[in-house]
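S.K.: Below are the structure tokens for one structure; questions will follow.
Quick note: the coordinates plus some simple rules give every number you see, no bench work behind them. Here the structure is a predicted model, which means the values were calculated and not measured. Glycine also receives a Cβ, built like all others from the backbone with ideal geometry; neighbour counts cover every protein chain displayed.
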Protein chains: 2
Amino acid sequence: MESDPKVMTIAVLGGTGREGSGLVLRWAQSGYRVLIGSRDQARAAQKADELNAVIGEDVIQGLDNVGAAREADLVVLSVPYAAHEDILRSVADAMQGKILVDVTVPIQPPAIRTVYVPEGKSASLEAQSLLGDGVRVVAAFHNVSSSHLPDLDHSINCDVLVCGDDADAKSEVFQLVEAIAGMRAVDAGPLANAVAVEALTPVLMYINKRYKVAGAGIRITGLE
Amino acid sequence: MESDPKVMTIAVLGGTGREGSGLVLRWAQSGYRVLIGSRDQARAAQKADELNAVIGEDVIQGLDNVGAAREADLVVLSVPYAAHEDILRSVADAMQGKILVDVTVPIQPPAIRTVYVPEGKSASLEAQSLLGDGVRVVAAFHNVSSSHLPDLDHSINCDVLVCGDDADAKSEVFQLVEAIAGMRAVDAGPLANAVAVEALTPVLMYINKRYKVAGAGIRITGLE
């Protein structure tokens, strides 16, 4: 696979999961080079083959988490909260100088429809604290249901609230949001506001079950 | 003022404030009898006169907080977080057996656009803990901007996420939501999920400032 130096390379750690692989597919379709990171390199490579076949191109590659983080310009983390800290520790060195887009939602299975406030208040704040000032953490994509991501003809009816303390990093993430059909990026403030965005996800999962729907999302009103 | 025994009486503690008085006006317009509660009974009476004049009826009455809580069937609390605990202590006895609809957002001025997680994780959870099992606490209305409430011709473009542990109490609050033009009630789960709903308010205040708009709100997508 040759890489175009002008095209950003995105690593999605947890890219074999439902949410992660959906994002991989959407970004690959939009022309990004995408690396799937997994603890199991073979699984990552298999998922990459599968997704390349869906879009009929060869722009997705499967690596282990550290390799993916090292090779990427920007790293997206979409893993179960129970694995969050360990994976961050394993890639911390490879991440220095880069942007981490944290999609992780702090829930405690089996209570996946009840808000859980972790010790550091939010997964993203915990990530920032663990990675230090050399990594700019941005929180985004938590409220996008994985249900419709694999269906490339389905426009995603959801705003993406983007939180972070670095304006340039937020701008880069805005571009990733708006590369996916239907999504609109909304600047939701400093990284401290990720508490609200993360906590909204178990609420949306509750709403999905309560109203028997598959992909509840949110839109901010009053912006136009 | 004569009261129709079939019409529910709502007390709004903090009903002289912007959010509280807007809700008072909307419910009075919808045919509810509404009591404004305040620490200062004279201020409550003055605000009641003012709002009765707006709707051209005499259905709003101003009382002190305890008197309003005692006389009401259902009590709404819309106060600055700094006053939350003290007011709850003062009305705890008068509240027993009733529903408390807590609209309070835990923020720490001057940082009103940054999420603040209080010791009890949410104002509503703190209220439930303080009032005990004799009061059914429901969290609602946090994300409705006060900007457009006073303009009775303005339909409110916002869903109201309703959290609580008692299904019947949530049903009663659903009726209060849908009495106001434009609002749609969405069952957002147990009271623990109020963390998300409360935390969304400083995010919306950030969005108002960032995008130079007055009344950003939210809609849940994917429900129809």
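S.K.: Taking the Cα centre of each part, how many Å lie between segment A:1-78 and segment B:160-224?
M.R.: 36
S.K.: Residue-wise, which Karplus ³J(HN,Hα) couplings in Hz belong to segment A:81-91, taking 6.51 cos²θ - 1.76 cosθ + 1.60, θ = phi - 60°, and x for glycine or proline?
M.R.: 4, 4, 9, 4, 5, 4, 5, 4, 4, 5, 10
S.K.: Of all beta bridges DSSP finds with both residues in chain A, what is the antiparallel percent, to the nearest 5?
M.R.: 10
S.K.: Please count, across chain B, the pairs of lysine residues with Cα atoms under 28 Å apart that sit 8 or more places apart or on different chains.
M.R.: Value for chain B: 8.
S.K.: How many nanometers, to one decimal and shortest first, lie between the label point of residue A:129 and those of its other copies, if labels sit 7 Å from Cα toward Cβ?
M.R.: Spacings between copies for this position, smallest first, are 1.9 nm.
S.K.: Return the tail of the calculated pair distribution for segment B:19-64, meaning the percent of Cα-Cα pairs more than 15 Å apart.
M.R.: Summing the P(r) of segment B:19-64 above 15 Å gives 29 percent of all pairs.
S.K.: I would also like to ask the following. How big is the protein assembly as shown along each principal axis, measuring the range of its Cα positions in Å and listing the largest first?
M.R.: For the protein assembly as shown, the Cα spread along each principal axis is 81, 37, 36 Å.
S.K.: Which of these, B:29, B:128, B:108, has the largest mean-square fluctuation under a Gaussian network model of chain B (Cα springs below 10 Å)?
M.R.: So, out of B:29, B:128, B:108, the one fluctuating most is B:108.
S.K.: I would also like to ask the following. How much of the DSSP bridge set in segment B:1-131 is antiparallel, in percent, rounded to the nearest 5?
M.R.: 5
S.K.: So how do B:40, A:133, A:159, A:187 line up by other beta-carbon neighbours within 10 Å, fewest first?
M.R.: Listing B:40, A:133, A:159, A:187 from fewest to most nearby Cβ atoms yields A:133, B:40, A:187, A:159.
S.K.: Also: Would you calculate the separation in nanometres between label points at residue B:219 and residue A:210, each defined as 7 Å from the Cα along the Cα-to-beta-carbon direction?
M.R.: About 1.9 nm, to one decimal.
S.K.: Among bridges DSSP assigns within the protein assembly as shown, what percent are antiparallel (round to 5)?
M.R.: 15
S.K.: Taking the label point 7 Å from Cα in the Cβ direction, how far apart in nm is residue B:30 from each other copy of itself, listed shortest first?
M.R.: Ordered by increasing distance: 3.9 nm.
S.K.: In a Gaussian network model over chain A where Cα atoms closer than 10 Å are linked, find which of A:76, A:91, A:162 has the largest mean-square fluctuation.
M.R.: A:91
S.K.: Give a residue-ordered list of calculated ³J(HN,Hα) values for segment A:8-18 (Karplus: 6.51 cos²θ - 1.76 cosθ + 1.60, θ = phi - 60°; whole Hz; x for Gly, Pro).
M.R.: 5, 9, 9, 9, 10, 7, x, x, 8, x, 5
S.K.: Identify which of B:178, B:85, B:119 has the largest mean-square fluctuation in a Gaussian network model of chain B, with springs joining Cα atoms closer than 10 Å.
M.R.: Top of the fluctuation ranking is B:119.
S.K.: Let me ask another. In the calculated pair distance distribution of chain B, what percentage of Cα-Cα distances lie above 25 Å?
M.R.: Value for chain B: 34 percent of Cα pairs lie more than 25 Å apart.
S.K.: Could you state the orientation-averaged shadow area of the convex hull built on the Cα atoms of segment B:75-151, in nm² to one decimal?
M.R.: If I average the Cα hull's projected area over directions, I get 5.5 nm².
S.K.: Okay, moving on. Using the Karplus curve 6.51 cos²θ - 1.76 cosθ + 1.60 with θ = phi - 60°, work out ³J(HN,Hα) for each residue of segment A:56-66 in order, rounded to whole Hz, and write x for Gly and Pro.
M.R.: Rounded to whole hertz, the list is x, 9, 10, 10, 10, 10, x, 9, 7, 4, 5.
S.K.: Would you pull out the residues with amide H under 5 Å of residue B:218's amide H, same chain only if 5 or more places away, H placed 1.01 Å from N?
M.R.: When sequence neighbours closer than 5 places are left aside, the close amide H contacts are A:221, B:159.
S.K.: Also, quick follow-up: For B:26, B:184, what ranking results if the residue with the fewest other Cβ atoms within 10 Å of its Cβ goes first?
M.R.: B:184, B:26
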